[in-house]
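The values are calculated or read from the model by the stated rules, or taken from the named source; none is laboratory data. A quick note: this is a predicted structure, and the numbers were derived from the prediction, not measured. Every residue, glycine among them, receives a Cβ derived from its backbone with ideal geometry; neighbour counts consider all protein chains shown.
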Amino acid sequence: MRCRLLSLVLVLGACKSQPREMASYDPVPLPSRVAAANLRPVGDIRRGYGSERAEATLTRLKELGVNTVVFLLEGRMKDLEDTEIRAPSDSELERIQEGLVSARRLGFATVLIPHLYLDDGQWRGHIAPSAASDRAAWWSSYSAFLLRSARLARSGSASVLSVGVELKALSKEPEAHRHMETLTAEVREVFPGHLTYSANWDEAESVAFWGLVDFAGVNGYYPLEPDPVRGAEKVARRLSALAAYAGREVLVLEVGYRAGPASHLRPWEWPEEVTEDVDENAQAEAWAAVLAAWLDAPGVRGLGVWVIPTDPDDPASEPKNGFNPLNRPAERVIERAFRGPPIGG
């Protein structure tokens, strides 16, 4: 009798240890025309993912015409030589899951994007361990990080998971294809949704493993030269050519413009890195040009606005020349494009 009771206790204990992974996977389907927003948590957890304030912002995004919400997961490395990726804490992962669930409950499709950040401020696009042993150790750590992200994406019923972000120094190599082939197969055993990869704008045409994911993802910080309108039209042709090259639809996972006069020429610059006047009209003009040219370009599934803080009304959430388009002229530009019919539709 004691043996039977002990067995029952062990079984129940095992079930309790992984309730989230056992939850059913029931995502909102990715829309045929993706009108997305990247939702970034503010520092105060009381107003971050899963909070009442974040849910109010999601409701506001719904009114804006957003149909897909992108959530960010942050892994960290000390520097470019580091081979160990530190995953977020369990409490951070729980808040991300709460955010995914909240967005799904409101009818949004969701995308989970695990980013890598370096403590010394270097860009992840330079990650390229030189020694074979270091490369093996890095890929092993990255696989563990991504599989943990995949389990979170499944438990939160995310529609799409990105298997990497701006790994520019690695993504063109045959070795990256071999590692990604193994890794995407392992991820698909855990996560049944769509996969993408978030290529930097000047990396996308050289990615070696587009055939392993479902969408060609791009972080679209292309310079709009010589001016926003002509520059956006030129980039639209480039995005359509990328879709043909990759053999799958393109998702512009991030695109954004600071509220500054030169943002359309150097959109990859962070507000803290530049000294410029605040120019909200310049931001709106860049958005108007991009939405008119990219949103319904052949082969492009849609795009995601960078960036909406979970508390967009807090002035401390973004610098005055920051990317957040809400409470500025760009908000109405985005609303008209997202809520309006497709061009030619």
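Here are the criteria: (1) out of contact with any strand residue (DSSP E or B) (no Cβ under 7 Å at 6 or more places or on another chain); (2) on the phi < 0 side of the Ramachandran plot. Tell me which single one Ser157 does not satisfy.
(2)
Hey, Glu84 hits all of (1) free of Cβ contacts under 8 Å to residues at least 40 places away in the same chain; (2) within 30 Å of Ala137 (Cβ to Cβ); (3) among the charged types (D, E, K, R) but one; which does it fall short on?
(1)
Between a residue in the range 238-259 that is under 13 Å from Trp201 (Cβ atoms) and in contact (Cβ under 8 Å) with a residue 40 or more places away in the chain and any residue that is part of a loop (DSSP other than H, G, I, E, B) and among the aliphatic types (A, V, I, L, M), which pairs come within a Cβ distance under 6 Å, given they are 6 or more apart or on different chains?
Filtered contacts from the range 238-259: Leu239/Ala297.
Restricting the search to the range 77-103, which residues are part of a loop (DSSP other than H, G, I, E, B), aliphatic (A, V, I, L, M) and closer than 16 Å to Ser149 by Cβ?
Listed by number, the residues that qualify are Ile85, Ala87.
Hey, can you tell me all the residues within the range 164-194 that are of a type in the set (A, V, I, L, M, F, W, C) and closer than 23 Å to Ala128 by Cβ?
Val165, Leu167, Ala169, Leu170, Ala176, Met180, Leu183, Val187, listed by residue number.
Every residue in the range 188-209 that is over 17 Å from Trp268 (Cβ atoms) and either under 17 Å from the mean Cα position of the chain (by Cα) or touching a residue at least 60 places away in the same chain (Cβ under 8 Å) (or both), please.
Correct list: Phe191, Pro192, Gly193, His194, Leu195, Thr196, Tyr197.
So if I check each of Arg46, Arg4, which one is farther than 16 Å from Val111 by Cα and modelled with pLDDT under 50?
Going through Arg46, Arg4 in turn, just one is farther than 16 Å from Val111 by Cα and modelled with pLDDT under 50: Arg4.
How many residues does the range 36-76 hold that are assigned to a strand (DSSP E or B) and either of a type outside the set (S, T, N, Q) or without any contact (Cβ under 8 Å) to a residue 60 or more places away in the chain (or both)?
12
So which residues in the range 264-290 are closer than 23 Å to Ala199 by Cα and without any contact (Cβ under 8 Å) to a residue 24 or more places away in the chain, if there are any at all?
Glu269, Trp270, Glu273 - these are the residues of the range 264-290 that are closer than 23 Å to Ala199 by Cα and without any contact (Cβ under 8 Å) to a residue 24 or more places away in the chain.
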